[in-house]
1. So which residues in region 35-61 are of a type in the set (Gly, Ala, Ser), more than 16 Å from ligand 2 (Cβ to nearest atom) and in contact (Cβ under 8 Å) with a residue 12 or more places away in the chain, if there are any at all?
2. Could you list all residues from region 232-257 that are in contact with a strand residue (DSSP E or B) (Cβ under 7 Å, 6 or more places away or on another chain), near ligand 2 (Cβ under 10 Å from one of its atoms) and assigned to a loop (DSSP other than H, G, I, E, B)?
3. Based on this model, can you work out whether Gln156 counts as part of a helix (DSSP H, G or I), surrounded by fewer than 17 Cβ atoms within 10 Å (Cβ to Cβ) and without any contact (Cβ under 8 Å) to a residue 40 or more places away in the chain?
4. Looking for whichever is among the aliphatic types (A, V, I, L, M), in contact (Cβ under 8 Å) with a residue 40 or more places away in the chain, farther than 18 Å from Ala134 by Cβ and surrounded by fewer than 17 Cβ atoms within 10 Å (Cβ to Cβ) here; the options are Val281, Val315. Which one fits?
5. Would you confirm whether any residue within region 368-377 is in contact (Cβ under 8 Å) with a residue 24 or more places away in the chain, away from ligand 1 (no atom under 16 Å from the Cβ) and part of a loop (DSSP other than H, G, I, E, B)?
6. Criterion first (open to solvent by 40 Å² or more (accessible area, probe 1.4 Å), closer than 19 Å to Gly377 by Cβ, of a type outside the set (Val, Ile, Thr) and assigned to a helix (DSSP H, G or I)) does Gln296 satisfy it?
7. Looking at Val298, Val212, which is the one that is more than 16 Å from ligand 1 (Cβ to nearest atom) and in contact (Cβ under 8 Å) with a residue 12 or more places away in the chain?
8. Collect the residues in region 215-266 that are within 16 Å of ligand 1 (Cβ to nearest atom) and basic (Lys, Arg), keeping them in residue-number order.
Amino acid sequence: MSTQYHPFTELEAIAYSRNIPELFTPEAELISREIGDGNLNLVFHISDPATGKSIILKQALPYAKVVGESWPLTLDRARIESEVLKIQGSLCPDLVPHVYAYEPELALTVMEDLSDHVIMRAGLIQRNRYPRFAGDIGKFLAHTLFYTSDLGMNQQDKKIQLGRFINPELCKITEDLIFDDPYRNADTNSFEAHLQDEAELLWNDNALHLEVAVLRNKFLTQAQALLHGDLHTGSIFIKADSTKVIDPEFAYYGPMGFDIGAVLANLLLSFAAQEGWSTDVESRKDYRSYLLETIQAVWTNFASEFRALWNEHGVDRISKTPGYQNLYLQQVLQDTIGFAGTKIVRRIVGLAHVADIDKIEDTVARERAQRLALQIGKSLININRQARSIDELLEIATKSVL
Ligand code: SR1
Ligand code: MG
């Protein structure tokens, strides 16, 4: 088969897989299913019913699938994703899929099949609870962010590593879709007619724009750590005893709070979405409490692991100055809250929504959820630079449903 880039068909995915040494045999009767439900890539699930073995082939398309060929997109994101998965795998081996191979010519990554897990967003829509999640994701965030920052790695090595993860096209998507378009009447925006009043408020809110401009500038300029870059609940595979973070194609060196904020934003989107997932007030209240406890635990676990890594494995002498760690974490908390707000707002009025809200069938409940999400998102953006504790985020969410 030609190794020149072309998007695979299911048959080509099978033909390629047959030749992966020590996994399948050339005679194996393999089954292929294209299962990609994201916005950008092809994802083939290849299995051999005779042995029960299976793998995932993920192939980048040269355009954004969600829009079509009119939106060209670099294939280099496949290299970035496979290299980042390897770095994350070395830092948190149990929390990312194993990468078996990367084929640059085909923009193809061969990786562990996680079909015994579910996409966390789908699990949250089912209103499942994941007792390991807060601990696992707190650890993932602390280790990946600390060890790729100037606190946890040699500063010259970090600059060289940063160069391998310059990701301008994927960053541009974020810069536009998260930090610009929702705040103006942009063609890319997508919202239901009943939200026209909310959209216009967003477009005309100068105080909000000022906060977004500050956050956008951090996203553009603050090379603090190697981020996942798109850490929503669709980028997390989960089951009761395991959490796996996938899809780091948006990775680049940016502000830590962007990744942490993405996790919290998606839990808050689920919080808002409860309007449509149960008609029983008590049951909604109960699941919302679970989500808020999870948010608190994600932040607390992240912060305590991060502090422990800093104290035990910090490589930077001057960062040990008394008081600096507290100041640093306070800034990360403020960024987390602000970025969480922007990530909520974009999912209601911008391009690329979330199923938690869009799949609510009852129009009245869906509109309530959308308005609630916007209210929470805007409040988080507005308070970000004043915030002193994660409790302030929790309070905003709690008060929004009183
Ligand atoms: C054009 S890509 C739209 C969105 O999908 C990805 O998951 C990112 O969140 C991006 O903003
Ligand atoms: Mg993705």
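1. Ser47, Ala50, Ser54
2. Ile246
3. yes
4. Of Val281, Val315, the one residue that is among the aliphatic types (A, V, I, L, M), in contact (Cβ under 8 Å) with a residue 40 or more places away in the chain, farther than 18 Å from Ala134 by Cβ and surrounded by fewer than 17 Cβ atoms within 10 Å (Cβ to Cβ) is Val315.
5. no
6. When the stated conditions are applied, Gln296 passes them.
7. Val298
8. Arg216
The values are calculated or read from the model by the stated rules, or taken from the named source; none is laboratory data. This one's a predicted model, so the numbers in the text were calculated from it and none came from an experiment. Positions of Cβ are generated from backbone atoms using ideal geometry, with glycine treated the same way; all protein chains shown enter the neighbour counts. Surface areas here come from the heavy atoms of the whole protein model, side chains and all, with no ligands, DNA or RNA. Shrake-Rupley method; radii C 1.70, N 1.55, O 1.52, S 1.80 Å.
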